[in-house]
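Before any comments, here is the structure.
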There are 2 protein chains.
Amino acid sequence: MTQLTISKRGHHMPPSPIRKLVPYAEAAKRRGIKVYHLNIGQPDIETPKPVLDAVRHSDFRILEYSHSAGNESYRKKLVEYYKKVCIDINYNQIIITTGGSEAILFGFMACLDAGDEVIIPEPFYANYNGFAVEAGVNVVSITSRIENGFALPPIDDFEKAITPKTKAIVICNPNNPTGYLYSKEEMETLKSIILKHNLYLFADEAYREFCYEGTHFSAMHLQGVNDHVVLMDTISKRYSCCGGRVGAFITRNKELLDTVMKFAQARLSPPGLGQIAGEAAVDLPDNYFDITKAEYKARRNLIVKRLNAMHNVFCPNPGGAFYAMAKLPIDDADKFCQWLLEDFHYNDQTVMLAPATGFYGTTGLGKQEVRLAYVLNLDAINAAMDCLEKALEVYPGKV
Amino acid sequence: MTQLTISKRGHHMPPSPIRKLVPYAEAAKRRGIKVYHLNIGQPDIETPKPVLDAVRHSDFRILEYSHSAGNESYRKKLVEYYKKVCIDINYNQIIITTGGSEAILFGFMACLDAGDEVIIPEPFYANYNGFAVEAGVNVVSITSRIENGFALPPIDDFEKAITPKTKAIVICNPNNPTGYLYSKEEMETLKSIILKHNLYLFADEAYREFCYEGTHFSAMHLQGVNDHVVLMDTISKRYSCCGGRVGAFITRNKELLDTVMKFAQARLSPPGLGQIAGEAAVDLPDNYFDITKAEYKARRNLIVKRLNAMHNVFCPNPGGAFYAMAKLPIDDADKFCQWLLEDFHYNDQTVMLAPATGFYGTTGLGKQEVRLAYVLNLDAINAAMDCLEKALEVYPGKV
């Protein structure tokens, strides 16, 4: 007789390393402690009013399925958006997805079979692991290092990692969790690798607009690799619109588009209301990003300065996104982050951080590192840094 | 050197049998032909105004990620809804999903591994095939027959189909595409099978409220199989809210809930705006379903009467949902449905139907059957039936 069991895949599915400390944070709050959430990439920036107004003032009478690839009007509007960032595509090369998450899953599903391998520089966005487990794909991580600011690992590291089962490289630019902004030269290096080994390049560019040092060079700007490059995008961070669950799978590879359309048809359509928000967002005034970027840059400057001023703390200056990685003088980041919530408070306040271990594919790496999402205002960041500074003075596991 | 290839899974992924005729319909419209869409389950019933107003009058300032299991307020509200249909669950047993689609995918992913088998009475909702391919799961179909109105196949057929790899049975009740409403006795039969062989029962009850003969007996009403039963639900049809992309994965099996939460966390959250709609829908007046049900019932009565009045056409009376299956005197349903769009019109009108072949797992079955979704008003149904009647008179492949 068969047993009523959970699948192996279900057992292998990793819990979210970012959300696993949530029960401790909830308990701290119940004890009256104020918790500064630097652990998760939920911006505090308001969703632009015209974006929400577009939803509120919409006058349809039936909330219908959209086209499986998303509303044509939205896809055509997105062509305008991409033109502004010098990405030349047509609307048939865009499939609207349920958040960037679904774009990543579709890419894994359509390009890789169970047992195939994808190379990702670590530390990386932890949920890539989840989508890989769902698709039966093996993640092969090559290490980028905090000492050189998490720059792209040397080409030799890629070469060593490539096997006949390798089908794709994932690059998140600017990077979550490191904030690293890949240069044109590094992107050209990736191009040479994908051409030489005939690989896909999955480019997660969720944070494209948030670059503080230099300009963003998109994977879609690479020449001569049209069939290789897939852009995985989302409105979540760009317009502070995480709950809209609207993203996009974009490629110039016709066969891949046709394949992904079959996955898109199976789930019928992406969210209709979020697409209205996304379409309106393209018409925001051109200075919208100037304002949000200036705010994030001021926060980055503050958090990096505060961190590096702490004894034995090192935080490389992140070029983009809204994350910073810091190396702390501690024994174990997981223990420390839990201790911050369970055993520590300073003036009835504490800070919630993401242990970096969950972002590394290699076991044992990141034990002294944490990710900080600067999604709170300057006052809150200062208060959170005050907590962290005090915590590092009294943490029993300091080294 | 590896090749830049589509995955095997991508090749195996079936295109939507419902949407594949769309280009022919578009061409017909360009020729000035009015096309009656009976091919797809997109209701013409308006989304209830209070449901859309809840979205339009919402006053949040940041469209944030919700809890990965969905907003707590919505899950608590859903407990009230389920109480009304005599399903006793608590809010921690509900995980809000992106449409019913995601609930089905989560079930396949969490309970079955690649190579495992799921038994589904055919004809069945075609997208189960897509989710099965995504999860690497094999669909084993056992045949229900139009001659006895698509009743549950005999228990022997299940027994013969069960192997050590069988992990679950999927039942859609009332059924899409057949409209069949499973009786309490049939549900008890399923219970005996899942208990004897330790299987999951995945119950897709998207059309629960739309029952015209007898009452709905939910899989959640079965006693003593709490760990076995998963309810896969959606607001799409219930409230004419397909574009909201809000569904639910519901079970009393704690280990399964914990597993599915990991899948839910990987994609962060279900759509936020759709959840607002779903929460408001629970507060619709109790007579809401009386009105919509009366409308669908009148349509069913008309379409069944019109079909059975045609020469050599047989349409069993569907007990629920808003679909009817009809056997036509034709050579090939796929050819016929395409011919209706390409080569036929009656007073510059034609009708779009779904060939039943796409709903059968067994190749060759359903070649004389079509599915009709009665999602148009009575006048439109009459006009569509006029077209079909004329078409059957002149179709070159009639038998």
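The values are calculated or read from the model by the stated rules, or taken from the named source; none is laboratory data. Because the structure is predicted, anything quoted here is derived from the model rather than measured. Glycine gets a Cβ as well: all are built from the backbone with ideal geometry, and neighbour counts include every protein chain shown.
Taken over region B:358-374, the criterion of being touching a Leu at 6+ places or on another chain (Cβ under 8 Å) and either crowded, with 24+ Cβ neighbours inside 10 Å or modelled with pLDDT under 95 (or both) is satisfied by B:GLU369, B:VAL370, B:ARG371, B:LEU372, B:ALA373, B:TYR374. Every test in (1) basic (Lys, Arg); (2) part of a helix (DSSP H, G or I); (3) at the interface with another protein chain (Cβ under 10 Å from one of its Cβ atoms); (4) over 24 Å from the mean Cα position of the chain (by Cα) is passed by B:LYS29 save one, and that test is (3). Residues in region A:238-253 that are out of contact with any strand residue (DSSP E or B) (no Cβ under 7 Å at 6 or more places or on another chain) and either within 14 Å of A:CYS111 (Cα to Cα) or more than 11 Å from every other protein chain (Cβ to nearest Cβ) (or both): 3 in all.
For region B:292-319, a residue qualifies if it is part of a loop (DSSP other than H, G, I, E, B) and either within 16 Å of B:LEU388 (Cβ to Cβ) or not small (Gly, Ala, Ser) (or both), and the qualifying residues are B:ALA309, B:MET310, B:HIS311, B:ASN312, B:VAL313, B:CYS315, B:PRO316, B:ASN317, B:PRO318.
Output yes when any residue across region B:204-213 is of a type in the set (Phe, Trp, Tyr), within 25 Å of B:ASN129 (Cβ to Cβ) and at pLDDT 95 or above, and no when none is. Yes; the residues of region B:204-213 include at least one that is of a type in the set (Phe, Trp, Tyr), within 25 Å of B:ASN129 (Cβ to Cβ) and at pLDDT 95 or above.
One residue stands out among those in region A:292-332 that are surrounded by fewer than 20 Cβ atoms within 10 Å (Cβ to Cβ) and of a type in the set (A, V, I, L, M, F, W, C): the one that is farthest from A:GLY149 (Cα to Cα), which is A:ALA294. Please verify whether region A:387-394 includes one or more residues that are β-branched (Val, Ile, Thr), within 23 Å of A:ALA27 (Cα to Cα), surrounded by fewer than 16 Cβ atoms within 10 Å (Cβ to Cβ) and over 20 Å from the mean Cα position of the chain (by Cα). Yes, region A:387-394 has at least one match. Hey, among the residues in region A:194-223 that are within 13 Å of another protein chain (Cβ to nearest Cβ) and part of a loop (DSSP other than H, G, I, E, B), which one's nearest to A:CYS172 (Cα to Cα)? Here the answer is A:ALA206. Residues that are of a type in the set (Lys, Arg) number at least 2 in the following helices (runs of 4 or more DSSP H) confined to region A:54-168: A:72-84. Against the definition (assigned to a loop (DSSP other than H, G, I, E, B), within 14 Å of chain A (Cβ to nearest Cβ) and not small (Gly, Ala, Ser)), how does B:ASN226 come out, yes or no? Yes; evaluated as a whole, the condition is true for this residue.
Considering A:TYR200, A:TYR180, the condition of being more than 22 Å from A:LEU112 (Cβ to Cβ) and crowded, with 20+ Cβ neighbours inside 10 Å is satisfied by A:TYR180 alone. For region A:264-291, a residue qualifies if it is without any contact (Cβ under 8 Å) to a residue 40 or more places away in the chain and either assigned to a helix (DSSP H, G or I) or under 21 Å from the mean Cα position of the chain (by Cα) (or both), and the qualifying residues are A:ALA266, A:GLY274, A:ASP290, A:ILE291.
Filtering A:ALA114, A:ALA151, A:ALA135 for residues that are out of contact with any strand residue (DSSP E or B) (no Cβ under 7 Å at 6 or more places or on another chain), crowded, with 24+ Cβ neighbours inside 10 Å and without any contact (Cβ under 8 Å) to a residue 40 or more places away in the chain leaves a single hit, A:ALA135.
All of B:ALA103, B:ALA161, B:ALA151, B:ALA126 fail the test of being out of contact with any Lys or Arg (no Cβ under 7 Å at 6 or more places or on another chain), under 17 Å from A:SER7 (Cα atoms) and small (Gly, Ala, Ser), apart from B:ALA103. Considering region B:294-337, the residues that are touching a Cys at 6+ places or on another chain (Cβ under 6 Å) and of a type in the set (A, V, I, L, M, F, W, C) include one that is nearest to B:HIS216 (Cα to Cα), namely B:ALA324.
Do the conditions hold for A:PHE344, that is, is it part of a loop (DSSP other than H, G, I, E, B), buried (at least 18 other Cβ atoms within 10 Å of the Cβ) and over 21 Å from the mean Cα position of the chain (by Cα)? The answer is yes for A:PHE344. Looking across region A:7-21 at every residue that is without any contact (Cβ under 8 Å) to a residue 60 or more places away in the chain and crowded, with 18+ Cβ neighbours inside 10 Å, the one that is farthest from A:VAL133 (Cα to Cα) is identified as A:ARG19.
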